[in-house]
1. What does the highest-first list of 137-150, 188-201 look like by mean Cβ count within 10 Å?
2. Take each of the peptides 112-123, 81-92, average the number of other beta-carbon atoms within 10 Å over its residues, and list them starting from the highest.
3. Would you grab the residues whose amide H sits under 5 Å from the one on S126? Only those 5+ places off in sequence or on another chain, please, with H modelled 1.01 Å from N.
4. Label-point separation (nm) for H64 and D118, each offset 7 Å from Cα along Cα-to-Cβ?
Amino acid sequence: MSVSSNASSASNKDSVDSPSSTTNTDSSELTHILNRRQEIMDSQEAGIEIPRTFKVVNVYTEFHEFSRKQIKDYQKTFNTYDTARDGFLDLQELKFMMEKLGAPQTHLGLKQMIAEVDEDNDGKISFREFLLIFRKAQAGELDSDSGLNQLARLTEIDVEQVGVSGAKNFFEAKIEQQLRTNKFHDEIRAEQEDRRREEDERAQRRQQFQQRAAVFQ
């Protein structure tokens, strides 16, 4: 490999590992906005009507159900697979992402995943649209076996570190924990009902005793 290739590889690695990756994405979004504005102005001057797209908003304000840390974590995941560094996940990048997460999808499946959150119909997933996946997952709006639901679940943990089998064990443990929690709550409710029943029976016995005692007064 040539020196220039090594330098290029090192440069690419630095761009992935650099803490400024979020800033790079923000800059790419700003560039996209400015380019879009210029496109609209040029079209208006030429008398061409250009379709309206969704405006970019502050994700911290729009996705108030997530903490800033959660959004930053999602941004880190998004940046990892945004290999083109253009602020979007295209079909090939999404394909690579799902393969790395251990949940590969068919070409049609990938297109369906994009279409479900692609609000501006550009055939790609922006970071805002990426956050929509987790909003839908949190609201229970995703089919359990859908590609987007798998993406949302698998990005809860670092698959790179634990591997696919580790991810599977994680979710199995999570389900088991939920079942144990539900059983614990059921046992508590049963105990509470038993106590209420005993209190009602004692109250009835006291009332019956008072009624019998009143006969002899």
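What follows is calculated from the coordinates using simple rules that are stated; it is not laboratory data. Given the structure is predicted, the values throughout are model-derived calculations rather than measurements. Cβ sites come from the backbone with ideal geometry, for glycine too, and all protein chains shown count toward neighbours.
1. By packing density, highest mean first, the sequence is 137-150, 188-201.
2. Highest-to-lowest ranking by the protection proxy: 81-92, 112-123.
3. L89
4. In this crude spin-label approximation the distance works out to 3.1 nm.
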